[in-house]
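The values are calculated or read from the model by the stated rules, or taken from the named source; none is laboratory data. Keep in mind the model is a prediction, meaning the values are calculated, not measured. Methodologically, a virtual Cβ is constructed for each residue, glycine included, from the backbone with ideal geometry; neighbour enumeration extends over all protein chains shown. Protein only, heavy atoms only, side chains kept; ligands, DNA and RNA dropped before computing areas. Shrake-Rupley method; radii C 1.70, N 1.55, O 1.52, S 1.80 Å.
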Amino acid sequence: MKWLAVDYGDARTGLAGCDAAEIITSPITPQIEEKSMNKVAAAVAQAAAQRGAEGLVCGLPKNMDGTEGARAARSRRFAQRLADAAGRPVVLWDERRTTVSAAAILAGNDTFGQKRKARLDSVSAAVLLESFLNWRAHHPGETPPEQVLPSVPSPQP
């Protein structure tokens with residue numbers, strides 16, 4: 001199944017996708033550089049449709065102790081708007097340490113400065129997607145722990 005992962009941010013939003021076999025994840029560039037939550041949700045829904053993504057995963061930024069703060073609340077609001085824009089459920093997935101891992105990956109590839117800034121959120125989305133796909137591989141047939149459903153069902157053809 002093809003998935004599209006989202007690392008939602010205030011100014012930049014990173015995307016990553018995987019192949020239908022759920023083996024290869026890839027950051028998608030360029031990142032979405034937009035501040036309007038509704039415009040970002042629409043852009044992500046469009047990217048998902050263009051890539052034939054059947055599932056959506058949105059990062060949920062939890063504190064290191066597992067609690068949720070203002071950023072998590074904002075990501076939950078975004079996930080609801082994305083679910084509504086895409087007309088399908090959005091899996092919320094813990095994104096703790098994804099940015100740290102992404103920064104290490106980019107540093108290991110000698111990617112710094114503007115190049116790093118231009119790719120960091122998309123690489124973070126790829127790390128998030130790999131984590132989710134790893135969970136799916138070890139929990140076949142299970143429903144992810146947390147999903148946001150569209151507020152209004154999409155019209156039937």
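Have a look at ALA20, ALA73, ALA43, ALA85 and point out the one that is open to solvent by less than 40 Å² (accessible area, probe 1.4 Å) and either touching a residue at least 12 places away in the same chain (Cβ under 8 Å) or not in a loop (DSSP other than H, G, I, E, B) (or both).
The unique qualifying residue is ALA43.
Tell me yes or no: at least one residue of region 47-54 is farther than 17 Å from ASP121 by Cα, part of a loop (DSSP other than H, G, I, E, B) and open to solvent by less than 70 Å² (accessible area, probe 1.4 Å).
yes
Would you check which residues across region 29-69 are among the aliphatic types (A, V, I, L, M), under 13 Å from the mean Cα position of the chain (by Cα) and closer than 19 Å to VAL91 by Cα and list them?
VAL40, ALA41, ALA43, VAL44, ALA45, ALA47, ALA48, ALA53, LEU56, VAL57, LEU60, listed by residue number.
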